[in-house]
Amino acid sequence: MLLALTGLAQTGVSPLGLVPQPVPGLSAAIWTDKPQYAIGETARVHFYISQPAYVYIFDIEPTGLVRLIFPNPYSPNPYKPAGTHTLPDNASYQYRVAPPAGQETLQLVACLQPLPVTLGTTADPYPLMGPDPSSGKAKVLGLVPQPGCGCCVTAWTTFTILSGPVGYPPCPPCWGWQPCPPCWGYGLIPPCSGWFCNLQGQCQFFYGECPAGPGWCWYLGPDGKWQFKIQLCFGNCP
């Protein structure tokens with residue numbers, strides 16, 4: 001899944017069904033560094049707000065599923081000053097493009113008051129807004145104040161995910177070792193993180209150093225490549 005925008009102008013109907021309303025002094029735009037991406041590439045998202053506001057960015061996959069990608073556990077503060085901003089805004093996370101191919105949409109909602117969104121976790125940092133496209137859009141509509149409040153504006157853009165070979169594995173490769181750890185399925189795994197599976201086959205996500213103890217450790221380095229190691233213990237083991 002992920003990002004790319006074709007321009008600043010919004011035309012047609014809001015992808016999430018929000019009714020655009022003018023807010024005095026507040027305007028917004030969103031775009032990315034490229035109009036199309038190959039699977040495996042990283043993407044950067046840029047947005048502009050004309051005055052300080054609370055910013056929320058939703059990703060609409062080619063399948064129609066909706067995810068909240070900002071704010072997130074690695075950048076939890078939605079309040080931004082006026083001006084142009086770039087995401088990721090720190091080195092603790094990335095936006096990396098993953099299947100399926102097709103047209104993807106990013107929609108920004110900027111409000112003068114915070115919205116009651118629920119952030120993801122480090123194990124699931126970009127949560128689905130609903131189990132299917134219609135419920136995801138309905139969830140977003142339920143978060144945004146009704147038209148006429150004069151407190152929120154929206155902007156959106158689209159990009160293309162190109163079909164072709166996967167240049168970056170969104171999931172840890174098992175290389176024949178078992179158990180194979182879980183997979184988020186959409187490739188948004190931050191660097192310096194990974195999966196640890198103990199000898200009982202129980203897996204946990206970690207950020208930073210691989211947990212101590214015997215087992216298998218899949219670690220995503222800052223170069224975007226998976227590393228693998230086996231941890232053994234002799235004598236008194238933790």
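Taken together, the values in this text are just the output of simple stated rules run on the coordinates, not laboratory data. Everything numeric in this text was worked out from a predicted model, so none of it was measured. With ideal geometry, Cβ positions are generated from the backbone for all residues, glycine too; neighbour counts draw on all protein chains shown.
Quick look at the values:
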{"read-out": "Mean Cβ neighbour count within 10 Å, used as a protection proxy, ranking 194-200, 215-221 highest first", "value": "215-221, 194-200"}
{"read-out": "Which of Thr42, Thr105, Thr86 has the fewest Cβ neighbours within 10 Å, and the rest in rising order", "value": "Thr86, Thr42, Thr105"}
{"read-out": "Computed magnitude of the charge dipole of the stretch 28-162 (debye, nearest 20; Cβ of K, R +1, Cβ of D, E -1)", "value": "180 debye"}
{"read-out": "Neighbourhood charge, 13 Å Cβ-Cβ cut-off, centred on Gln103 and excluding it, Lys, Arg +1 and Asp, Glu -1", "value": "-3"}
{"read-out": "10 Å beta-carbon shell around Thr63, net charge (K/R +1, D/E -1)", "value": "-3"}
{"read-out": "Tyr207-Asp89 FRET efficiency (beta carbon distance; Förster radius 22 Å; 0.05 resolution)", "value": "0.80"}
